[in-house]
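Any read-out appearing in this document is the output of simple, stated calculations on the displayed coordinates, not a laboratory observation. What you see is a predicted model, and the numbers here were worked out from it, not measured in a lab. In this analysis, Cβ positions are derived from the backbone assuming ideal geometry, glycine residues included, and neighbour counts consider all displayed protein chains.
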Amino acid sequence: MILTDTKIKEAIGEGSIVIDPFDDSKLGANSYDVHLGGDLAIYRDEILDAKKHNQIDRFKIDPEGFVLFPGRTYLGVTKEYTETHKHVPFLEGKSSVGRLGIDIHATAGKGDVGFCNYWTLEISVHQPVRVYEGMPIAQIIYFEVSGDVATLYSEKKNAKYNERTPLPVESMMWMNKF
């Protein structure tokens, strides 16, 4: 079941959901709007290798915005830091963002119970689009879980994205054994 605005606020009150900064006006009927942080990143190499640690270059979004172009993968980040201790968070693009031809995640919309971090966004566009720091970019929807969680994501020894950072984080696929 998806949490309603009332249930999200209750979970924030008890500390099982953390959103920082939290703004009551960003709370929808069953989601919370998150915003584009001030940093973007692109991969240095044109050809990425799943078995290598592909390096990125990070840069700030100017106050005049930054134009995204098709054919590139941009890594963005949410302004909001979140923690989810009892629910499964799903990050979904906002319809207004999608109508600009912006995709904010290719495959990684679901977080794990115990995810405590900023969200890295996998941004691609269908035509050139100017984006701005602080613009609404996505919404988080929280689902109830059934049963006890044996190991929270934040406690997993092999979790690749536990280091708290307000910067976009590159793929850590290279850390997998395959």
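A few points about this structure:
- DSSP-loop trypsin sites (Lys or Arg not before Pro) across the stretch 3-68, with at most 14 other Cβ within 10 angstrom: ARG44, LYS51, LYS52
- For the stretch 1-55, convex hull of alpha carbons as volume per residue, Å³: 170 Å³
- Annotation note: trypsin sites (Lys or Arg not before Pro) in the stretch 94-139 located in DSSP loop regions with a Cβ neighbour count of at most 12 within 10 Å are ARG99.
- Contact order normalised by residue count of the stretch 86-178, Cα under 8 Å, 6+ apart, percent: 37 percent
- Loop-located GluC sites (Glu not before Pro) in the stretch 69-178 (DSSP state other than H, G, I, E, B) with a sparse environment of at most 11 neighbouring Cβ atoms within 10 Å: GLU163.
- Cβ charges +1 (Lys, Arg) and -1 (Asp, Glu), total dipole of the chain, debye: 460 debye
- Note on the stretch 45-124: Rg/Rh from Cα positions, Kirkwood definition for Rh, rounded to two decimals, is 0.98.
- Leading residue at positive end of dipole, the stretch 72-176 (Cβ point charges), from ILE140, VAL125, LEU75: VAL125
- Amide hydrogen neighbours beyond the local backbone of ASP112, cut-off 5 Å, H modeled: none
- Computed over the chain: relative contact order in percent, which uses C-alpha pairs under 8 Å that are six or more apart: 30 percent
- Burial ordering of THR107, THR6, fewest other beta-carbon atoms within 10 Å first: THR107, THR6
- Local electrostatic count at LEU152 - Lys and Arg +1, Asp and Glu -1, tallied over other residues with Cβ under 13 Å: -1
- Rounded to the nearest 20, the Cβ-based charge dipole of the stretch 8-105 about its Cα centre (Lys and Arg +1, Asp and Glu -1) stands at 260 debye.
- Counted charge near LEU91, where neighbours are those whose Cβ lies closer than 15 Å (Asp, Glu -1; Lys, Arg +1): -3
- Its relative contact order, with pairs defined as Cα atoms under 8 Å and 6+ residues apart, puts the stretch 18-75 at 32 percent.
- When the chain is treated as a GNM with alpha-carbon contacts under 10 Å, the residue of HIS35, HIS85, HIS53 showing the greatest mean-square fluctuation is HIS53.
- Couplings 3J(HN,Hα) of the stretch 161-170, computed from phi: 10, 8, 5, 5, 8, x, 10, x, 10, 6 Hz, in residue order, whole Hz [Karplus 6.51 cos²θ - 1.76 cosθ + 1.60, θ = phi - 60°; x for Gly and Pro].
- Residues whose placed amide H lies under 5 Å from that of LYS94, excluding near-sequence neighbours: ALA138, GLN139
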